[in-house]
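Accompanying notes for the structure given below.
The values are calculated or read from the model by the stated rules, or taken from the named source; none is laboratory data. This structure is a prediction, so every number in the text was calculated from the model and none was measured. Cβ sites come from the backbone with ideal geometry, for glycine too, and all protein chains shown count toward neighbours. Quick note on the areas: whole protein, heavy atoms, side chains included, nothing else; ligands and nucleic acids left out. Shrake-Rupley method; radii C 1.70, N 1.55, O 1.52, S 1.80 Å.
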Amino acid sequence: MKNDTDEILLTANKLRWEVGENFHDSILESIYKDASEISSKVVIQDGEKSKFDLDRFIDRIVTGKWTGFPIMFILLAVVFWITIVGANVPSGWIASLLVDTLHPLMKNFFNSIQIPWWITGVLIDGAYLAAAWVISVMLPPMAIFFPMFTLLEDFGYLPRVAFNMDNLYRRVGAHGKQALTMSMGFGCNAAGVIATRIIDSPRERLIAIITNNFSLCNGRWPTQILIATIFIGGTVPAYLAGLASAAAVVTIAILGVLFSLIVSWGLSRTVLKGEASAFSLELPPYRPPRLLQTLYTSLIDRTIFVLWRAVVFAVPAGVVIWLVANIQIGGLSLAEYFIHTVDPFALFIGLNGVIILAYIIAIPANEIVIPTVLMLTALSTKMAMGAGAGVMFELDSVSDTANILHAGGWTLLTGINLMLFSLLHNPCSTTIYTIYKETKNVKWTMLSTFIPIVMGLLICFFVTQIWRLFVA
Amino acid sequence: MNLENNNCATCPAHNLANLVKLGIDMSNFDYVVALAGNPNTGKSTVFNNLTGLKQHTGNWPGKTVGRAEGAFLYADKRFKIVDLPGTYSLLSTSDDEEIARDFILFGQPDVTIIVVDATRLERNLNLVLQVLEITDRAVLCLNLIDEASRHKIKVDDRLLSRNLGIPVVPTAARQGIGIQELLKNIHDVATGKFICKPHRLSSEIKNVSRAVDELNKKISFAFPDLPNTRWIALRLLEGDQKVIDAVRSGEIGSLRPVENFSE
Amino acid sequence: MDPLLALLIGVLILVMLYFLFKPQRGLVSRLVKMKKDRSRELIEDALKHLYDCEYKGVDCSLNSISGSLYISGERSANIISMLEAMNLISNVENKITLTPEGRSYALRVIRVHRLLEKYLAEKTSVSETDWHVIAEEKEHELSREQTNKLAAQLGNPLIDPHGDPIPSESGEIPVRKGLTLNNLESGKFATIIHIEDEPKEVYAQLSALKLYPGMQIYLLENAKGRISFEADGEECVLAPVLASNITVYPIVEKEKVKESFETLSSLKQDEEAIVVGISKAMRGQQRRRLLDFGIVPGTIVRAQLKSLSGDPTGYEIRGATIALRKNQSDLIYVKRVDRKLVA
């Protein structure tokens, strides 16, 4: 037996010299020869193909010079508009149930059975509140955004977007499908990173993963809108306020797209230069999407999946948030120590210690950054706001929020820098974990984490210095 | 509802009562079924139809990543079904293709279902012919016949079946059409009721037939029971390390299908 | 701090960081290079040089070693004594030859080098001009196991991208069957399997004719002093001296040597053509992908749809619509067809 197998391998090695390098090509050629023979026998074109081919007609329109871009922008705008407008109401419901109703109820219950206050603090004010917050802010927009995106996908439109956008992405060394993973990132970066699986070329996939964080995700839109309303909207006459703040937010989002292109370009020419690259893009036929199936699968596959990961990360972070605000050494909480230490540096680059601390401890989800900022500002200015140390809160009135921030020493510059920093900082821990899961590589995970944060600090620094030089 | 009940009682072709979707309960299975196919052919829909699971299916090439598994019960037999990643080929060296190839070769499924897009049959046959080089037991699921008829394309499934030597079942998995027939054929092939005579590449491979034949002879001599010696020869000539190792260790000899191992 | 000052310092620091960490020519990478122990590198390069001399049948001296390794005579004398001590070479009366151990060591290094070139060509997007340089550097870093793993991953290739054979694990270098072009008879078909890259002048002439391994030729006439053949639809004439630098392998079955053809990218919307072949410059996964899509000789393709920015283009290939970028369709050769002829 042993002799036989050795003999086989030996013969194989000898014969390999004879078959030469084109062997693989030849095999496929003969397979396809059989394939076309068989299919020519069994496939019958039933009568004349009708002159009007619906697929071709749609293709001509969605890839047309004059019609392609408008259709793409209108569709995306509609998706975003429905998401933002439609999510407000259910978000409010969930928040009023989980945060306004259940939270006090549970707190009272814990108090009534005489559980020590610090246990209640860690569990209810820390862990529970963080999870509740993430769910109420994250769930509704994702539950709206993902099914709509999936409908476009099932219909077959998204590959055409990749097809149209490929020229731009090719120039920066990326794949046209990155346009889609980026759009998905506007919903949620973790979902965007998972969506890069559709890119089958290793180098382009890595680029798409690393740059996904430059898409302003769902958790950051509310921050942008709130800060823009308070600081940008406040600089112009009241009747222009809405327009100005909206323009500011859109500018930030577009800036994000620009950064993603620039970083893609840089990556494909430096660290990822040698990674394998093979472009392929099939344009599947259009198929009528099925509403119920889509709703179900996109809820299960994307929304719940991502939400679960976010909650898992939010719980320990909530505990940490509560602890740093409540553990006191010599009359000052850990949070205050940190804020005071970091303040000189943070103010130098146009931010403040509260913002830095909030971004560090609210790493699991961008959604809890603003509540954390408010809590920390109230804590460090000894303001009697919110529900006590370590309890995140948000205010219904924008002007009350503005008052707190102004009291915390915020200026227009701080507002602008926060908007920039919110775009350019490390991905949330859910996304970082997802990146690690998808790449199985520490180096790429670190790179995706630190590129944006370094960029964010640098840009805040330069903006601040230039601002101080020319404006103030 | 009423109508459906009537159908159940009278018309076996529409009778899905035989099928019990077991979801992910894969205990004590009698047969292993592999599900292969090009990306974007509705493979996951077929999988969901059989198992009752809800894998995401998108109009995108390459949606299923990795391997999904499920189970169903049909005619008192438990089938474990493995959804392989959608690939265009089994010969290239991407991870997905290696997973699919390894499972069909080394996992020795009792039946391999190959899902193809009826509107793009010629392109899909590439994978079909490659699978048939490896395994003797396969069922072709000619999916998306509804789309094909929308494009006025007809596929002669009986002629196709004769050409490929395996059962061919026209389906429209999204509407659940043809699933019953598919189940019956899976069952027949698994139990040996239907003996496949799979198509093997007929056209001569340019310039190299002699080398392939010479090696093929040697392999069939050493492993007379092996059904796919020619394919092994092709893989050896391409320098495929996994196959080389399997030949060296003799593992390749144990890869012939085991008859009804449930009994 | 004064913002202007801060701004200046900031910019300065950025510039400094750039020069510090610039790849290859930055200070940090220079330091790393300087610190690296070069003795293994030198030993292996010297062995390679000796093997090369032996292969070509020329004598090798201390001078030729220091010349090819770019090191001083003193240093190469050092290396030689080290090699002697390791029993890898014998130095009798200033005639340096490889011992059997030395030869198999040299072949192992060559194996790594050629495998690396193959790897770079197939599995990365490193440009063709960089393959040799990178392989030259990395060939000293791989262990035996790593080398075998690399070979397995590549499907145990036999030939590197330049057409040179890759030595086996045990250090055997196979002799390729074939004959030099000047020995091929008239009227025969053959494939170029190797083009000798030394001497440089000859290689430059051959490469100017755009001859490369894997190309099929048809010998028109083999007369004294003049060999004419057809390659890629063009007639070439070579002197026998030049032709002896080309190794060919006769093709048994008669195959059509490619006639003059166009590239797929030249098709306008709704035009059709038959694929004639894929250029050798399309390699690795990218080539396999195209083959999987059914882009093989004989396939009919039709330009179906242009992207709104003009690139990529969607082609109808065996019933499916596949988008290809222009830099891909430039490498696919086609022949235009009359629709009626096909039907």
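Count Lys and Arg as plus one, Asp and Glu as minus one, and take only other residues whose Cβ is under 13 Å from that of C:Asn91; the net charge is then -2. Evaluated over the Cα positions of the range A:194-247, the convex hull gives a direction-averaged projected area, one quarter of its surface, of 4.7 nm².
Determine the shielding of peptide A:269-280 by partner chains: average, over its residues, the number of Cβ atoms on other chains within 10 angstrom of each Cβ.
For this peptide, the per-residue mean of nearby foreign Cβ atoms is 6.
Projecting label points 7 angstrom from Cα along Cα→Cβ for C:Glu128 and C:Glu172 puts them 3.3 nm apart.
Using only alpha carbons, the range B:69-110 has a radius of gyration to Kirkwood radius ratio (Rg to Rh) of 1.08. Note on the range A:331-472: Rg/Rh from C-alpha atoms, Kirkwood Rh, equals 1.00.
Computed 3J(HN,Hα) for the range C:36-42, one whole-Hz value per residue from the Karplus formula 6.51 cos²θ - 1.76 cosθ + 1.60 where θ = phi - 60°, is 4, 6, 9, 5, 4, 4, 5, glycine and proline marked x. The mean of 1/r over all distinct Cα pairs in chain A, once inverted, gives the Kirkwood hydrodynamic radius of 25.1 Å.
Restriction of the trypsin sites (Lys or Arg not before Pro) in the range A:64-170 to DSSP coil positions whose beta-carbon has at most 15 other beta-carbons within 10 angstrom yields A:Lys65.
List the longest stretch of chain C that has no exposed loop site; here a site is one of the trypsin sites (Lys or Arg not before Pro) assigned by DSSP to anything other than H, G, I, E or B, with at most 11 other Cβ within 10 Å.
Looking at chain C, C:37-176 is the longest stretch - no exposed trypsin sites (Lys or Arg not before Pro) with at most 11 other Cβ atoms within 10 Å.
On the principal axes of its alpha-carbon atoms, chain C has extents of 80, 75, 37 Å, going from largest to smallest. Here the protein assembly as shown is assigned +1 on the Cβ of each Lys and Arg and -1 on the Cβ of each Asp and Glu. Its dipole about the Cα centre then comes out at about 1140 debye.
Based on Cβ point charges of +1 for Lys and Arg and -1 for Asp and Glu, what charge dipole magnitude is obtained for the range A:1-105 about its Cα centre, in debye rounded to the nearest 20? Roughly 540 debye for the range A:1-105.
Name the residue from C:Gln328, C:Ser186, C:Val112 whose Cα lies farthest towards the positive end of the charge dipole of chain C, charges +1 on Cβ of Lys and Arg and -1 on Cβ of Asp and Glu. Projecting each Cα onto the dipole axis, the largest value belongs to C:Gln328.
List the residues, sorted by chain then number, that are 5 or more residues from B:Ile81 or on another chain and whose placed amide H is less than 5 Å from its amide H. Here the answer is B:Val33, B:Gly70, B:Ala71, B:Phe72, since their amide H atoms fall under 5 Å of that of B:Ile81. For B:Leu19, nonlocal amide neighbours, meaning residues 5 or more places apart or on other chains whose placed amide H falls under 5 Å from its own, do not occur. On the basis of the beta-carbon distance and an R0 of 30 Å, A:Leu9 and C:Lys138 show a calculated FRET efficiency of 0.55.
One way to sum up the overall shape of the range C:262-342 is the equivalent ellipsoid from its Cα gyration tensor, whose semi-axes run 17, 16, 11 Å, largest first. When chain C is treated as a GNM with alpha-carbon contacts under 10 Å, the residue of C:Gly26, C:Gly310, C:Gly298 showing the greatest mean-square fluctuation is C:Gly26.
Can you work out D for the range A:195-320 in µm² s⁻¹ from Stokes-Einstein, where Rh is the Kirkwood radius over C-alpha pairs, the temperature is 25 °C and the viscosity is 0.890 mPa s?
133
Contact order for chain A, expressed relative to its length and based on alpha carbon pairs under 8 Å spaced 6+ residues apart, stands at 17 percent. Listed values for the range A:33-43 are Karplus-derived 3J(HN,Hα) couplings in whole Hz (6.51 cos²θ - 1.76 cosθ + 1.60, θ = phi - 60°), namely 5, 4, 4, 6, 4, 4, 5, 5, 7, 9, 8, and x replaces Gly and Pro. Using the Cβ-Cβ distance between C:Arg25 and A:Ala238 with R0 = 56 Å, the FRET efficiency computed as 1/(1 + (r/R0)^6) comes to roughly 0.50.
Using θ = phi - 60° in the Karplus curve 6.51 cos²θ - 1.76 cosθ + 1.60, the 3J(HN,Hα) couplings for the range B:166-183 round to 9, x, 10, 10, x, 9, 10, 4, 5, 9, x, 7, x, 5, 4, 4, 4, 4 Hz; x is entered for Gly and Pro. Only one residue of A:Asn167, A:Leu412, A:Tyr337 has its Cα farthest out toward the positive end of the dipole of chain A, where Lys and Arg carry +1 and Asp and Glu -1 on Cβ, and that residue is A:Leu412.
Filter the trypsin sites (Lys or Arg not before Pro) in the range A:396-472 down to the DSSP loop ones having no more than 14 other Cβ atoms within 10 Å, then list what survives. List each step's numbers first, then the result.
Values: sites: A:Lys437, A:Lys440, A:Lys443, A:Arg468; in loops: A:Lys440.
Answer in residue order: A:Lys440.
For the protein assembly as shown, build the charge dipole from Cβ charges (+1 Lys, Arg; -1 Asp, Glu) around the Cα centre, then report which of B:Val116, B:Ser249, C:Ala303 sits farthest towards its positive end. Projecting each Cα onto the dipole axis, the largest value belongs to C:Ala303. Pairing chain A with chain B buries about 6100 Å² of accessible area. This figure sums both sides and uses a 1.4 Å probe.
A simple charge model with +1 on the Cβ of Lys and Arg, -1 on the Cβ of Asp and Glu and nothing else charged puts the dipole of the range C:262-342 at about 240 debye relative to its Cα centre. Relative to the compact-globule estimate of 2.2 N^0.38 Å, the Cα radius of gyration of the protein assembly as shown comes out at 1.07. From helices alone, chain A scores -22500 deg cm²/dmol at 222 nm; the rule is -39500 (n - 2.57) for each run of n ≥ 4 DSSP H residues, then divide by the residue total. Averaging the Cα positions of each part gives two centres, and for the range B:144-212 and the range A:435-472 these lie 55 Å apart.
Top mean-square fluctuation among C:Val126, C:Val202, C:Val32, Gaussian network model of chain C, C-alpha springs under 10 Å? Comparing C:Val126, C:Val202, C:Val32 in a Gaussian network model of chain C, the most mobile one is C:Val32.
Measuring between alpha carbons in the structure, the pairs from A:Lys65/C:Lys335; C:Lys33/C:Lys280; B:Lys21/B:Lys242; A:Lys14/C:Lys118 lying more than 25 angstrom apart are A:Lys65/C:Lys335; C:Lys33/C:Lys280; B:Lys21/B:Lys242.
Applying a 4.7 Å Cβ-Cβ cutoff to chain C leaves C:Cys236 as cysteine residues with no disulfide-compatible partner.
When the P(r) of the range C:27-98 is calculated, the portion above 19 Å amounts to 33% of the C-alpha pairs.
Spin-label model, B:Glu98/A:Arg171: points 7 Å from Cα along the beta carbon direction are separated by 3.7 nm.
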